[in-house]
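Following this message is one structure expressed as structure tokens.
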Amino acid sequence: MIRTSKALTIFWKDMKDLMQSKYVLLSFLVMPFIFGVFIPVISIFPFLGFGDTQSSSTGFDFLPPLTNDWNQLTENQKGLIFTIETMNFMLLLLSIVLPTVIAADSFVGEKDRRTIVTLLLLPITDTEIYLGKVLSTIVPTIIAIFIGSLTYFSLVSYVTVKVLGYFYLLNYKFFLLVIFVSPLLTIATTNLMIWVSTRTSTTRDAQQLGSTLSLTLTPLILIAMLSLIYSPAYFAVVIIFLGILDYLLIKLGLGLMDREKLYTSL
Amino acid sequence: MIETTELTKIYIDAGGQKYVGVENLNLRIGKGEIVGLFGPNGAGKTTTLNLLSTILKPTKGDAIVNGYDIIKNPLKVRECIGVAGDTPGFYARLSARDNLEFFGKLAGIDNLESKIMELTSYLNIDNVLDRKVGTFSKGMTQKLLLARALLNDPALLMLDEPWSGLSPLAQVELRDLLTEITKERNRTVIISTHNLVQAERIVDRLLIINHGRIIKDSTPELLRREFMLNPLLLVKIDPRDLRIAKRIIDGTNHSINSISEQDGTIEISIKDFEQTPDLVKGLAIEQVRIHEVRELIPSLEEIYIKLVGGNN
């Protein structure tokens, strides 16, 4: 039986500890700002100033229609929509980048600082430690993504209302990306980092290996986004695939939560 | 309290090479005993503690700690032990209070706040409870470590190198604290250390371990007797009286090992320490001016070096 109170104690301790780390805190604050404010401002706001030219042949003709009224849109509007979709991808990258930073500190950091030994000596199960550690990576990441998404949504909406005349992101697709794809990717990256932590002994090594491996998950963001635009049924398949991947990675992570292995790999 | 049967730990390194951590360890440690675990680096001391604290699983054999099997009931074992390891394992960015609260909550301790206050004031660190552990001196960290290990009022306390890195003064302070804690609270204690000077003043029993095996299981007193086959007495007298003293000693059944004419020191090989008063009386009757009389009892350190020195 898993005692969630024990896992939550680990989670709250990690939150307190993370808040004391300037380096992690900076990543935690700066990254949502970059992805949620800075990038949209420099890439989407310029569309407010572009001319509203209509042409029969545009630079976006190579693309399949991104909206139902694609052919009626001006080049500026098509450019805006194309840029927003690209920016969505950037926003979802947070699900991969942030867990790499946080897990490296909260999980590998326990090994690095040898505090993991003290945890292993306490009357708690491996699963409770695992759950606590996973929560302390997933929860701040998801909060950061939600905050980033909210600011991103507000800024993008301001521009789309001006340029398109409606809230472009106020649709189920964007919410599906933020509510389903992002947390599932976060769980996958976190568990990948746990695997990485069993192979490395320092936070720096974990970050280097973890960030390289995490990049292999980026095609999943692209596939999820494209399937949402072109085939919602295919999107369901992507979600199921991500769910299965998470399940397998959790099983792998739990299997790796072996006291002896953790101790002897220090 | 502790009973091990053929407890064995074999490590296998990345290259598949096997090496012995501990081998066929058969131990019986009773409630309230204070046991010192001595041995060179890599002898198996930490492996023994890690097996008893359930971090490591035995390759063979078993152990019962406070009535619980380390393999079948590791959680129960961890509930009744307190460990102060060789690395502190504190969260340096958090305060001492936060650290103790965290470990206390995970250990499921009732009345945690009052326990923390009671222990930290006893250990004289209550005034630094809200300071970050990263700013603590080595001595304060050791005290905090002790507080954490005692938080759950453990039936078995395991200390791994408690004096490591401490100044001589801090070592004495910690030793006195440990003496108080261990005697007053009637708990079983295992101290793994290289510091025999400090340990020999606390332990009731000592286990000398080498190459994963117990090579000596004795009390400090018995061990000293065993290694004191030739009792030696050191007598320091006025150098002007050396001739008279030599004559008196030669007339007894004792023999002189060495004489220093410069400072008047005579090392006497005595039959039995019980005869020391008679010898001193004989010297005093002949007006020999005696400055010092000392029985040369081997220290545990000397015995330890004799026992393991040859093999290491």
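Considering the options A:188, A:68, A:135, tell which one lies farthest towards the positive end of the dipole of chain A, charges being +1 on Lys and Arg and -1 on Asp and Glu at the Cβ, about the Cα centre.
So the residue furthest toward the plus end is A:135.
Let me ask something else. Per residue of chain B, what 222 nm ellipticity follows from adding -39500 (n - 2.57) for every DSSP H run with n ≥ 4, rounded to the nearest 500?
Theoretical 222 nm ellipticity from helices: -10000 deg cm²/dmol.
Here's another thing I want to ask about it. Please identify, among A:198, A:125, A:216, the residue showing maximal mean-square fluctuation in a Gaussian network model of chain A using a 10 angstrom Cα cutoff.
For chain A, modelled as a Gaussian network with Cα springs under 10 Å, the answer is A:216.
So, with +1 on the Cβ of K and R and -1 on the Cβ of D and E, and no other charges, what is the size of the charge dipole of chain B about its Cα centre, to the nearest 20 debye?
Result for chain B is approximately 620 debye, rounded to the nearest 20.
State the answer as a single residue: which of A:48, A:119, A:77 lies farthest towards the positive end of the charge dipole of chain A, with beta carbon charges of +1 for Lys and Arg and -1 for Asp and Glu, about the Cα centre.
Going by the charge dipole, the pick is A:119.
Continuing with the same structure: Using a Gaussian network for chain B with springs between C-alpha atoms less than 10 Å apart, which of these wobbles most: B:129, B:207, B:146?
Fluctuation is largest for B:129.
Could you point to the residue in B:245, B:198, B:223 farthest towards the positive end of region B:192-245's charge dipole, with +1 and -1 charges on the Cβ of Lys/Arg and Asp/Glu respectively?
B:245
Hey, rough spin-label estimate for residue A:205 and residue B:243, points 7 angstrom out along Cα→Cβ, what's it come to in nanometres?
Placing both labels 7 Å beyond Cα along the Cβ direction yields 7.6 nm.
For chain B, divide the Cα radius of gyration by the Kirkwood radius and give the resulting Rg/Rh value with two decimals.
Radius of gyration over Kirkwood radius for chain B works out to 1.10.
Measure nothing but the geometry: give the 0 to 90° angle between the long axis through the Cα atoms of A:75-103 and the longest principal axis through the Cα atoms of chain A, rounded to 10°.
Compared with the principal axis, the helix lies near 0 degrees.
In terms of modelled amide H atoms, which long-range or inter-chain residues lie less than 5 Å from the amide H of residue B:71?
So residue B:71 has HN proximity to B:63.
Work out from phi, with θ = phi - 60° and the Karplus expression 6.51 cos²θ - 1.76 cosθ + 1.60, the ³J(HN,Hα) of each residue of region B:108-116, listed in order in whole Hz, and give x for Gly and Pro.
The phi angles translate into x, 8, 7, 6, 4, 4, 5, 4, 4 Hz.
What distance in nm lies between label points placed 7 Å from Cα along the C-beta direction at residue A:143 and residue A:167?
Using points 7 Å along Cα→Cβ, the separation is 2.5 nm.
Okay, next question. Would you mind finding the longest exposed-site-free stretch of chain A, with exposed chymotrypsin sites (Phe, Trp or Tyr not before Pro) meaning DSSP loop and at most 13 other Cβ atoms within 10 Å?
Counting only loop sites that pass the neighbour cut-off, the longest clear stretch is A:63-165.
Can you list residues from other chains, or at least 5 along the same chain, whose modelled amide H is less than 5 Å from the amide H of residue B:131?
The list, which skips near neighbours in sequence, is B:96, B:97.
Right, next: DSSP loop (so not H, G, I, E, B), at most 12 other Cβ within 10 Å: list which trypsin sites (Lys or Arg not before Pro) in region B:67-126 pass both filters. Present the calculation step by step, with values, prior to reporting the outcome.
Numbers: sites: B:72, B:76, B:78, B:93, B:97, B:105, B:115; in loops: B:72, B:93.
Hits after loop and neighbour filter: B:72.
Then there is this: Round to the nearest 0.05 the FRET efficiency obtained for residue A:180 and residue A:212 when R0 = 30 Å and r is the Cβ-Cβ distance.
Once the sixth-power term is evaluated, E becomes 0.70.
Let me ask something additional. Per residue, how much accessible area does region A:3-146 show when a 1.4 Å probe rolls over the protein heavy atoms, in square angstrom? Don't skip to the end; give the middle numbers.
Details: 5670 Å² over 144 residues.
Per residue, region A:3-146 has an accessible area of 39 Å².
Another question about this same structure. When the Karplus curve 6.51 cos²θ - 1.76 cosθ + 1.60 is applied with θ = phi - 60°, which whole-Hz ³J(HN,Hα) does each residue of region A:216-231 get, with x for Gly and Pro?
My calculation for region A:216-231 gives 5, 7, 4, x, 5, 5, 4, 4, 4, 5, 5, 5, 5, 6, 9, 8 Hz in order.
Residue B:118 to residue B:60: extension gain in nm, 0.36 nm per residue of separation minus the Cα-Cα distance?
On the way: separation 58, 0.36 × 58 = 20.88 nm, distance 4.11 nm.
That pair, residue B:118 and residue B:60, stretches by 16.8 nm at full extension.
Any idea of the accessible area per residue across region B:1-143, 1.4 Å probe, to the nearest Å²?
With the other protein chains kept in place, region B:1-143 gives 42 Å² per residue.
Follow-up question, since we're still on this one. For chain A, what percent of Cα pairs sit more than 23 Å apart? Walk me through the numbers on the way to the answer.
Numbers: 19461 of 35245 pairs.
It works out to 55 percent of all Cα pairs.
Roughly to the nearest percent, how much of the accessible area of chain A is carbon and sulfur, given a 1.4 Å probe?
71
Just checking the output field for B:47-56: average partner chain Cβ neighbours within 10 Å of each residue's Cβ?
3
How many square angstrom of accessible surface are buried between A and B, both sides summed, with a 1.4 Å probe and rounding to 100?
Between A and B, the summed buried area is about 2700 Å².
Could you work out how far the C-alpha centroid of region B:116-132 sits from that of region A:69-89, in angstrom?
Between the Cα centre of region B:116-132 and that of region A:69-89, the gap is 62 Å.
Would you calculate the volume per residue, in Å³, of the smallest convex hull containing every Cα atom of the protein assembly as shown? Kindly include the intermediate steps, with their values, before the conclusion.
Values: hull volume 116.2 nm³, N = 578.
That works out to 201 Å³ per residue.
Need the per-residue list for region A:9-47: every residue with at least 10 Å² less accessible surface in the complex of protein chains than in the chain by itself, probe 1.4 Å, sorted by number.
For region A:9-47, once contacts with the other chains are taken into account, A:9, A:10, A:13, A:16, A:17, A:20, A:21 lose 10 Å² or more.
In addition: Checking a compactness column here: for region A:112-218, what do you get for Rg(Cα) / (2.2 N^0.38 Å), N being the number of residues? Before the final figure, lay out the partial values.
On the way: Rg = 18.6 Å, N = 107, 2.2 N^0.38 = 13.0 Å.
Rounded to two decimals, the normalised Rg is 1.43.
Ok, one more. Rounded to the nearest 5, what is the percent of antiparallel bridges among the DSSP beta bridges in chain B?
Close to 70 percent.
Determine how large the accessible area of residue B:140 is when every protein chain is in place; take a 1.4 Å probe and give Å² rounded to the nearest 10.
40
Okay, moving on. Across peptide A:111-118, how many C-beta atoms of other chains are within 10 Å of each residue C-beta, on average?
On the way: counts 0, 0, 7, 6, 7, 1, 9, 15.
Neighbouring Cβ atoms belonging to other protein chains average 6 per residue here.
A further question follows. Can you list the HN-Hα couplings for region B:191-200, worked out from phi with the Karplus curve (6.51, -1.76, 1.60; θ = phi - 60°), rounded to whole Hz and with x for Gly and Pro?
After applying 6.51 cos²θ - 1.76 cosθ + 1.60, I find 10, 9, 7, 9, 8, 6, 4, 6, 5, 5 Hz.
OK, next. R0 = 51 Å: FRET efficiency of residue B:10 with residue A:42, Cβ-based, nearest 0.05?
Working from the Cβ atoms, E equals 0.25.
Between region B:163-218 and region B:6-75, what is the separation of their alpha carbon centroids in Å?
About 18 Å separates the Cα centre of region B:163-218 from the one of region B:6-75.
Could you work out, for region B:1-133, what percent of all Cα-Cα pairs fall into each 10 Å distance bin, beginning at 0 Å and stopping at the bin that holds the largest distance?
Taking every Cα pair in region B:1-133, the percentages come to 11, 33, 30, 22, 5, 0.
Right, something else. Per residue of B:145-153, how many C-beta atoms from partner chains lie within 10 Å of its own C-beta, taken as a mean?
Values: counts 1, 0, 0, 2, 2, 0, 0, 2, 0.
For this peptide, the per-residue mean of nearby foreign Cβ atoms is 1.
Let me ask something else about it. By how many nm would the segment from residue A:247 to residue A:4 lengthen if fully extended, with 0.36 nm per residue of separation less the alpha-carbon distance?
Gain in length upon complete extension: 85.6 nm.
With +1 on the Cβ of every Lys and Arg and -1 on the Cβ of every Asp and Glu, and nothing else charged, how large is the dipole of the protein assembly as shown about its Cα centre, in debye rounded to the nearest 20?
Its charge dipole is roughly 380 debye.
In addition: Is it possible to state the helix-based mean residue ellipticity at 222 nm for chain A, with each DSSP H run of 4+ residues giving -39500 (n - 2.57), the sum divided by total residues, to the nearest 500 deg cm²/dmol? What is it?
Taken over chain A, the calculation gives -23500 deg cm²/dmol.
May I ask for the angle, rounded to the nearest 10°, between helix B:276-285 and the longest principal axis of chain B, with both axes built from Cα atoms and the value confined to 0 to 90°?
Compared with the principal axis, the helix lies near 40 degrees.
Also, quick follow-up: Return a whole-number percent for the relative contact order of region A:141-266, with Cα pairs under 8 Å and 6 or more residues apart as the contact set.
Worked out over region A:141-266, it gives 29 percent.
Here's something else I'd like to know. Please report, as a whole percent, how much of the solvent-accessible surface of region B:1-140 comes from carbon and sulfur atoms (probe radius 1.4 Å).
48
If I model a spin label as a point 7 Å beyond the Cα along the Cα-Cβ vector, how far apart are those points for residue A:69 and residue B:31 in nm?
Result for the modelled spin labels: 8.4 nm.
To the nearest 0.05, how large is the calculated FRET efficiency for residue A:260 and residue B:289 if R₀ is 60 Å and r is the Cβ-Cβ distance?
Numbers: r = 66 Å, r/R0 = 1.10.
The formula returns an efficiency of 0.35 here.
Place a +1 charge on the Cβ of each Lys and Arg in region A:1-137 and a -1 charge on the Cβ of each Asp and Glu, then give the dipole magnitude about the Cα centre in debye, rounded to the nearest 20. Display every interim value, and only then the final one.
Details: 10 positive and 12 negative charges, 168 e Å.
That gives a dipole near 800 debye.
Could you please state how large a percent of the accessible area of region B:147-207 is carbon and sulfur, counting protein chains only and using a 1.4 Å probe?
Here carbon and sulfur together make up 50 percent of the probe-accessible area.
The values are calculated or read from the model by the stated rules, or taken from the named source; none is laboratory data. All values derive from a computational prediction rather than experimental measurement. In this analysis, Cβ positions are derived from the backbone assuming ideal geometry, glycine residues included, and neighbour counts consider all displayed protein chains. Accessible surface is based on the protein model in full, side chains and every heavy atom, while ligands, DNA and RNA are left aside. Shrake-Rupley method; radii C 1.70, N 1.55, O 1.52, S 1.80 Å.
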